[in-house]
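Novice: Just passing along the structure, written as structure tokens.
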Amino acid sequence: MNKMIFKHEFLIRINSIITWTISVVAMVFVFFSFFSVFAGQAEMMQQVLEKFPEELLIAFGMNEMNYDTVLGYISFYFLFIQLLLAIQAGNYGFGLVSIEETEMTADFLLTRPVSRAKILTSKFMAALASMLLTDVVMWISMFTAISIFSEGKDYDMATLLLLLFSVILFQLFFFSLGLMISLMVKRVRSVTPYSLGLAFGSYVLSAFSGVFGDVKLEYITPFKHFEPAYIVNNGALNAPLVLINVVITVIALVAGYWLYLHRDIHAVS
Amino acid sequence: MSIIEVSHLTKFYGKSRGIVDVSFNVEEGEIFGFIGPNGAGKSTTIRLLLSLIHPTEGEGKVFGLDVTKHGPEIRRSIGYLPSEVFYYEGMKVIDLLKYSASFYEGNFTERMKYLSELMELEMNRRISDLSFGNKKKVGIVQGLLHSPKLLFLDEPTSGLDPLMQRKFFDLIKEENKRGVTVFFSSHILGEVQRLCNRVGIIREGSMVEISEIHSLQQNNYKKISVTANGLTPEFFDTPGVTNVQTENGSVNFFFKGDINAMVQKVSSLKLDDVTIEEPTLEEIFMHYYE
């Protein structure tokens, strides 16, 4: 790894890291501040939900929820945190090398005496550090929110940690896939449409996989691989699905490296 | 010793042609001019040698090392000035130069100061605030900062005012005296003639001619246009004159030979206007296809 590239890459992303981290933290606190309302009226909530069609509840992952427990409540809204993290990770993946090419700075970087593998590794590490920074702040704010809003209710620490740490693998999936796709298309003009598409696309797949029952869409979407309700209800990860997730991530990363090493960096045209 | 050895280098972008079967050598310490019209394959050749793109066939060697295998090692001693300069917009000039310098071994503070003062570069401005010409200056300082042994200049003078162009040429000559080899790509014949020892001419992806600059000049035409009252094309019916045409009352032709004789002949006329120009590259190429 090249320290200078790492530092440069990290600093160039610093505004984005701050923005995303603030959004995630805000979501943690805003949702949790309603915990007492939900917990106090859990029974009524249950009655309301029973009137909704079963398919709709499955689509939103609301069929197996206990809103009056700490973990149950977190699993209800963790989906939205996952969505934010997915878009952020997708942004970093899609933009990792494509931004240099659209802004034409790739010529500068790639004519330095550093191998492409080293360049990509340094960039990857910087993006990983950016995502981890967001995660760490999210974890701290989650514990802070719990201590403020949980009204002393008990919860299983191991399960919570499992849920919180699972976001790293979750993010890496979107990052790696974004990187690979960005190297397969001719030119990524703007990163955001791609990362939004990937994140919401995966989410919709996950939602529909609940509705159609038989269709095995859960194999390909991380929102199923790391479904909060499953983790909370079972106190464990869904091992086969997580394995699929890791395999896809690794394949995408390896493909990304291969494509980058063999890529033609075209001149301004 | 050959600094650059290119043999049968070919590059296709899908089906469209980059360069086809290009071979040439550049010797240590020379300034090699590489000229051709836009789209002829000049940048493609340079980008292949910098391993920004990968060859379809053939091979390129720099410092005796294959460019596809030893890229990082080769680039340690290369300076590159692209035709259009793009840097991280949010950075200040000084930060970009320091970032660039950090990739090479050594302390370049003094040299950075020397080069930026010479090129009158303001170090504390943001890249995004710079004009095209000023970005080019950043490119020049950045390319020369780490004292490379080989310089790739891809149409380096575009965007520079004449004064800066002269300073730049002096700087390149100075570097060359210290032993730096220069690969100078351009579509402007004049600057290649001023600077280079040898020149390669590329057209439609193929090397048309590699020759000493002297022999190129001896074969050179001048393009002359004369406007005078009552002038007829027959007046220029002398040896060395070709391609005589009349347009809007002025007579245009190509001339090759003793320029003094021609000037004397023209001075006998009562002129409204006269221009003597370098032929365009296209016209030089026509000569090579005769």
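Novice: Based on this model, can you work out whether B:E73 counts as within 10 Å of another protein chain (Cβ to nearest Cβ), more than 20 Å from B:S186 (Cα to Cα) and surrounded by fewer than 20 Cβ atoms within 10 Å (Cβ to Cβ)? Lay out the reasoning, then the answer.
Specialist: On the way: within 10 Å of another protein chain (Cβ to nearest Cβ): yes; more than 20 Å from B:S186 (Cα to Cα): yes; surrounded by fewer than 20 Cβ atoms within 10 Å (Cβ to Cβ): yes.
It is true that B:E73 is within 10 Å of another protein chain (Cβ to nearest Cβ), more than 20 Å from B:S186 (Cα to Cα) and surrounded by fewer than 20 Cβ atoms within 10 Å (Cβ to Cβ).
Novice: Within segment B:232-254, does at least one residue satisfy the condition of being aromatic (F, W, Y) and either surrounded by fewer than 16 Cβ atoms within 10 Å (Cβ to Cβ) or within 24 Å of B:L189 (Cα to Cα) (or both)?
Specialist: Scanning segment B:232-254, I find at least one residue that is aromatic (F, W, Y) and either surrounded by fewer than 16 Cβ atoms within 10 Å (Cβ to Cβ) or within 24 Å of B:L189 (Cα to Cα) (or both), so the answer is yes.
Every residue, every condition in (1) of a type outside the set (S, T, Y); (2) at pLDDT 90 or above; (3) surrounded by fewer than 17 Cβ atoms within 10 Å (Cβ to Cβ); (4) within 30 Å of B:F86 (Cα to Cα), yes or no:
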position	(1), (2), (3), (4)
A:G197	yes, yes, yes, yes
A:V211	yes, no, yes, no
A:A229	yes, no, no, no
A:L243	yes, yes, yes, no
A:V247	yes, yes, yes, no
A:Y260	no, yes, no, yes
A:R263	yes, yes, no, yes
A:H266	yes, no, no, yes
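Novice: Can you name the residue in segment B:92-106 that is under 14 Å from B:N134 (Cα atoms) and more than 27 Å from the chain's Cα centre (by Cα) and is also farthest from the other protein chains (Cβ to nearest Cβ) among such residues?
Specialist: B:I94
Novice: Can you pull out the residues in segment B:76-87 that are surrounded by fewer than 21 Cβ atoms within 10 Å (Cβ to Cβ) and over 21 Å from B:N176 (Cβ atoms)?
Specialist: B:E84, B:F86 - these are the residues of segment B:76-87 that are surrounded by fewer than 21 Cβ atoms within 10 Å (Cβ to Cβ) and over 21 Å from B:N176 (Cβ atoms).
Novice: Something else: Only residues that are in contact with a Leu (Cβ under 8 Å, 6 or more places away or on another chain) and surrounded by fewer than 22 Cβ atoms within 10 Å (Cβ to Cβ): list them for segment B:19-47, please.
Specialist: B:D21, B:S23, B:P37
Novice: Could I ask something else about it? Considering each residue of segment B:49-70, count those that are of a type in the set (S, T, N, Q) and surrounded by 23 or more Cβ atoms within 10 Å (Cβ to Cβ), and give that number.
Specialist: Result for segment B:49-70: 1.
Novice: Same structure, new question: Residue by residue through segment B:106-130, note down the ones that are in contact (Cβ under 8 Å) with a residue 12 or more places away in the chain and in a loop (DSSP other than H, G, I, E, B). Reasoning before the result, please.
Specialist: Within segment B:106-130, the subset in contact (Cβ under 8 Å) with a residue 12 or more places away in the chain is B:106, B:108, B:111-112, B:115-116, B:118-128, B:130.
Scanning segment B:106-130 gives B:G106, B:F108, B:M119, B:E120, B:L121, B:E122, B:M123, B:N124, B:R125, B:L130.
Novice: If you take the residues of segment B:76-86 that are in contact with a Pro (Cβ under 8 Å, 6 or more places away or on another chain) and among the aliphatic types (A, V, I, L, M), which of them is farthest from the other protein chains (Cβ to nearest Cβ)?
Specialist: B:L81
Novice: The conditions are (1) closer than 20 Å to B:P148 by Cα; (2) in contact (Cβ under 8 Å) with a residue 60 or more places away in the chain; (3) part of a loop (DSSP other than H, G, I, E, B); (4) within 14 Å of chain A (Cβ to nearest Cβ), and B:S51 fails exactly one of them. Which is it?
Specialist: (2)
Novice: Also, I was wondering about something else. Picking from B:Y80, B:Y99, B:Y87, which residue would you name as being aromatic (F, W, Y) and in a loop (DSSP other than H, G, I, E, B)?
Specialist: Working: B:Y80 fails: in a loop (DSSP other than H, G, I, E, B); B:Y99 fails: in a loop (DSSP other than H, G, I, E, B).
From the options B:Y80, B:Y99, B:Y87, the qualifying one is B:Y87.
Novice: Here's a follow-up. Among the residues of segment B:1-41, write down those that are small (G, A, S) and farther than 22 Å from B:L171 by Cα.
Specialist: B:S2, B:S7, B:G14, B:S16, B:G18, B:S23, B:G36, B:G39, B:A40, B:G41
Novice: A follow-up question, please. List, please: which pairs have Cβ atoms under 9 Å, are six or more places apart or on different chains, and start with a residue in segment A:118-130 that is more than 14 Å from chain B (Cβ to nearest Cβ) and within 13 Å of A:Y257 (Cβ to Cβ) and end with one that is among the aromatic types (F, W, Y) and buried (at least 23 other Cβ atoms within 10 Å of the Cβ)?
Specialist: A:F124/A:F175
Novice: What pairs come out if I take residues in segment A:242-269 that are within 14 Å of chain B (Cβ to nearest Cβ) and pair them with residues that are among the polar types (S, T, N, Q) whose C-beta lies under 6 Å away, six or more apart or interchain?
Specialist: A:A267/B:S43
Residue by residue, here is whether (1) away from chain A (no Cβ under 14 Å); (2) more than 13 Å from B:G200 (Cα to Cα); (3) touching a residue at least 40 places away in the same chain (Cβ under 8 Å); (4) more than 14 Å from the chain's Cα centre (by Cα) holds:
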{"position": "B:I3", "(1), (2), (3), (4)": "yes, yes, yes, yes"}
{"position": "B:G14", "(1), (2), (3), (4)": "no, yes, no, yes"}
{"position": "B:V26", "(1), (2), (3), (4)": "yes, no, yes, yes"}
{"position": "B:I31", "(1), (2), (3), (4)": "yes, no, yes, no"}
{"position": "B:I35", "(1), (2), (3), (4)": "yes, no, yes, no"}
{"position": "B:K42", "(1), (2), (3), (4)": "no, no, yes, no"}
{"position": "B:T56", "(1), (2), (3), (4)": "no, yes, yes, yes"}
{"position": "B:E59", "(1), (2), (3), (4)": "yes, yes, yes, yes"}
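Novice: With the requirement that a residue be of a type in the set (A, V, I, L, M) and either at pLDDT below 90 or more than 19 Å from B:V180 (Cβ to Cβ) (or both), what does segment B:133-161 give you?
Specialist: Keep residues of segment B:133-161 that are of a type in the set (A, V, I, L, M), which gives B:138, B:140-141, B:144-145, B:150-151, B:153, B:160.
Within segment B:133-161, B:V138, B:L160 qualify.
Novice: Here's a follow-up. Looking only at residues in segment A:7-31 that are β-branched (V, I, T) and surrounded by 14 or more Cβ atoms within 10 Å (Cβ to Cβ), which one is nearest to A:T121 (Cα to Cα)?
Specialist: A:I12
Novice: Separate question: Within segment A:175-191, is there a residue that is in contact with an Asp or Glu (Cβ under 8 Å, 6 or more places away or on another chain) and assigned to a helix (DSSP H, G or I)?
Specialist: The answer is no; no qualifying residue exists.
Novice: I've got another one for you. Can you pull out the residues in segment A:61-113 that are surrounded by fewer than 20 Cβ atoms within 10 Å (Cβ to Cβ), within 14 Å of another protein chain (Cβ to nearest Cβ) and in contact with a Lys or Arg (Cβ under 8 Å, 6 or more places away or on another chain)?
Specialist: Within segment A:61-113, A:E101, A:T102, A:P113 qualify.
Novice: Can you name every residue in segment B:26-72 that is of a type in the set (S, T, N, Q), in contact with a His (Cβ under 7 Å, 6 or more places away or on another chain) and closer than 22 Å to A:R112 by Cβ?
Specialist: B:T68
The values are calculated or read from the model by the stated rules, or taken from the named source; none is laboratory data. Only a predicted model underlies this, so the values are computations on that prediction, with no experimental measurement involved. Quick reminder, even Gly has a Cβ in these numbers, built from the backbone with ideal geometry, and neighbours come from all protein chains shown.
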